[in-house]
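Peer 1: Just dropping this structure here.
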Amino acid sequence: MKSLLVFSFLFLFGTGAAFSEDPVRHVLVMGDESRGFVHYLDQFNTNNNFSVKADRPVWDMKRIADNRYRYVHGNSFTVIDLKERKGVETFSDTKLIGLTSVCDLPDGGFLAATNQKVGEPAKEAVVVYKYSVDRKLHSRSVFAGLSKVRMMTVLPSGEILLAHNDGVARCTLASEGSEQGKIVQSYKLPRAKNAYKAILRKDGGLWVGGGYACALYAYSDDGCVMKTFEAQQPEGLKNHFYGGIAVQDNGNLMVANWTGHGANDSKTGWQVIEFDAEGKVVWHLHDPVGYGSISGIDIIR
């Protein structure tokens, strides 16, 4: 009997395999809006961690080439090289008042989304500027009736997604000789306001970071909400603003839970949250000493 008990103990506890799993770990690049950094986080080897100082507010951080990331600030964007650990290029234009997002075009040019006032009397609108490959202003498209654009996404079709105050608008740019952009389809937020980013779902429709709605929404092609992912954080912590989103190869989704403009606001909630395909939280980042309010993420591993 004693031998049987010893064998059972070794079987259950000797390797640890029956009661433990390897922790979920990631390598991420994160845009820190509240403290003004682009962070490289390696949870497999923390000796690799570093941060590059950036101009606030560090919006729309995205990878544009190996080791190179672009982010938006003021009426400008800056490119950071992670190998050199510094900014290597900045573009600025006084026309880009209210700039929030920049997207590359297949021909080497780019689009810049802004919040501006247009017309007489002046009213809020979203204005998207188009630049050629040599960075000369080509045209602009005005989307009246939209306000507080956050991130813009360029679709393979050439259309754009504008995440704005009330939801997401799928749009076409103004035709030659006109400045009037066209809203093709609208995806309304079920609650709150300030949708932050929209990306295509693999199975059709969109994933949307819902901003102050504090949720990730899966929309069908016809604009209906199919799924809602919302983290239940421990007492004393909260969802504040669901911002930048990224999809992993295994179908899991990651979202930045932006916690406020203050340098220490990150103590109030998880900074990055990962959901599996069913909406279960499988990983989160909460390191308010190391990082401020995260607005954008890129998954390296």
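Bear in mind these aren't lab numbers, they're just calculated from the coordinates by the rules spelled out. Not measured: the values here are computed from a predicted model. Methodologically, a virtual Cβ is constructed for each residue, glycine included, from the backbone with ideal geometry; neighbour enumeration extends over all protein chains shown.
Peer 1: Out of (1) part of a loop (DSSP other than H, G, I, E, B); (2) of a type in the set (A, V, I, L, M, F, W, C); (3) closer than 23 Å to Val225 by Cα, what's the single condition that is false for Ala169?
Peer 2: Failed condition: (1).
Peer 1: While we're here: Would you call Lys280 among the charged types (D, E, K, R), farther than 18 Å from Val208 by Cα and free of Cβ contacts under 8 Å to residues at least 24 places away in the same chain?
Peer 2: no
Peer 1: Another question about this same structure. When you go through (1) under 24 Å from Met151 (Cα atoms); (2) part of a strand (DSSP E or B) one by one for Val282, which number turns out not to apply?
Peer 2: So Val282 meets the others, but not (1).
Peer 1: For Ser220, indicate whether it is hydroxyl-bearing (Ser, Thr, Tyr), in contact (Cβ under 8 Å) with a residue 60 or more places away in the chain and at negative phi.
Peer 2: No: the conditions fail for Ser220.
Peer 1: Of all strands (runs of 3 or more DSSP E) completely enclosed by the stretch 65-158, which ones contain at least 2 residues that are under 17 Å from Cys171 (Cβ atoms)?
Peer 2: 99-104, 110-118, 123-131, 137-144, 152-154
Peer 1: Please specify each residue of the stretch 20-29 satisfying the condition of being outside any loop (DSSP other than H, G, I, E, B) and either more than 15 Å from Arg85 (Cβ to Cβ) or without any contact (Cβ under 8 Å) to a residue 40 or more places away in the chain (or both).
Peer 2: Val27, Leu28
Peer 1: From (1) crowded, with 18+ Cβ neighbours inside 10 Å; (2) farther than 24 Å from Ser92 by Cα; (3) among the charged types (D, E, K, R), pick out the condition that doesn't hold for Arg150.
Peer 2: Evaluating Arg150 over (1) crowded, with 18+ Cβ neighbours inside 10 Å; (2) farther than 24 Å from Ser92 by Cα; (3) among the charged types (D, E, K, R) leaves (2) as the failure.
Peer 1: Another one. From the list Gly260, Gly243, pick out the single residue that is within 25 Å of Asp55 (Cα to Cα) and in contact with a Phe, Trp or Tyr (Cβ under 6 Å, 6 or more places away or on another chain). Break it down into steps so the answer makes sense when it comes.
Peer 2: Details: Gly260 fails: in contact with a Phe, Trp or Tyr (Cβ under 6 Å, 6 or more places away or on another chain).
Of Gly260, Gly243, the one residue that is within 25 Å of Asp55 (Cα to Cα) and in contact with a Phe, Trp or Tyr (Cβ under 6 Å, 6 or more places away or on another chain) is Gly243.
Peer 1: Also, quick follow-up: Taking the condition in contact with a helix residue (DSSP H, G or I) (Cβ under 7 Å, 6 or more places away or on another chain) and either in contact (Cβ under 8 Å) with a residue 40 or more places away in the chain or assigned to a loop (DSSP other than H, G, I, E, B) (or both), does Gly292 pass? Break it down stepwise before answering.
Peer 2: On the way: in contact with a helix residue (DSSP H, G or I) (Cβ under 7 Å, 6 or more places away or on another chain): yes; either in contact (Cβ under 8 Å) with a residue 40 or more places away in the chain or assigned to a loop (DSSP other than H, G, I, E, B) (or both): yes.
Judged against the criteria, Gly292 is a match.
Peer 1: Do the conditions hold for Val126, that is, is it at negative phi and buried (at least 20 other Cβ atoms within 10 Å of the Cβ)?
Peer 2: yes
Peer 1: If Ala246 satisfies all but one of (1) of a type in the set (Gly, Ala, Ser); (2) under 28 Å from Asn47 (Cα atoms); (3) in contact (Cβ under 8 Å) with a residue 60 or more places away in the chain, what's the number of the condition it fails?
Peer 2: (3)
Peer 1: Oh, and also: I need the full set of residues from the stretch 172-184 which are outside any loop (DSSP other than H, G, I, E, B) and under 15 Å from Ser139 (Cα atoms), in order please.
Peer 2: Thr172, Gln180, Lys182, listed by residue number.
Peer 1: Going residue by residue through the stretch 167-175, is there one that turns out to be of a type outside the set (A, V, I, L, M, F, W, C), crowded, with 18+ Cβ neighbours inside 10 Å and under 21 Å from Ser295 (Cα atoms)?
Peer 2: Yes, because at least one residue in the stretch 167-175 is of a type outside the set (A, V, I, L, M, F, W, C), crowded, with 18+ Cβ neighbours inside 10 Å and under 21 Å from Ser295 (Cα atoms).
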